[in-house]
1. Restricting the first residue to region 10-28 and requiring it to be within 15 Å of residue 116 (Cα to Cα) and at pLDDT 95 or above, which pairs with a second residue that is of a type in the set (Lys, Arg) and surrounded by fewer than 16 Cβ atoms within 10 Å (Cβ to Cβ) meet a Cβ separation below 9 Å and a spacing of at least six or different chains?
2. Kindly provide the set of residues from region 18-45 that are of a type outside the set (Lys, Arg) and more than 19 Å from residue 78 (Cα to Cα), ordered by number.
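The values are calculated or read from the model by the stated rules, or taken from the named source; none is laboratory data. Every value quoted in this text rests on a predicted model; they were computed, and no experiment measured them. Note that we place each Cβ from the backbone using ideal geometry, even for glycine, and neighbour counts take in every protein chain shown.
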Amino acid sequence: QVQLVESGGGLVQPGGSLRLSCAASGFTFSSYAIRWYRQAPGKERELVAGITSTGDRTNYAESIKGRFTISRDNAKNTVYLQMNSLKPEDTAVYYCNTVVQFYDYWGQGTQVTVSS
């Protein structure tokens with residue numbers, strides 16, 4: 001079955017960096033786009049970044065442009081989210097997502113907390 005497993009979250013000071021990973025299994029990873037979402041307490045889940053199946057195109061939310069970079073390694077079935085210049089407002093649970101055969105799949109999420 002399709003599985004997405006996020007890792008790499010944690011507590012970081014403002015201005016710091018983290019790299020999130022999303023390890024995928026159960027489907028032909030190289031054929032599907034992957035997206036990162038986040039959900040902060042009391043807020044709706046929002047799209048952060050997306051990457052096409054081949055990695056040739058990416059898109060980003062305005063709030064993180066220039067600070068976050070999404071990438072993928074199809075040989076490792078893994079998508080990454082490099083997060084630099086982190087701000088307290090980036091605090092959220094981060095999820096990876098894909099749609100396979102019209103079904104929406106989500107990982108369990110990884111907590112990112114930006115605080116001094």
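1. Going by the 9 Å Cβ cut-off, the qualifying pairs are 14/87; 15/87.
2. 39, 40, 41, 42, 44, listed by residue number.
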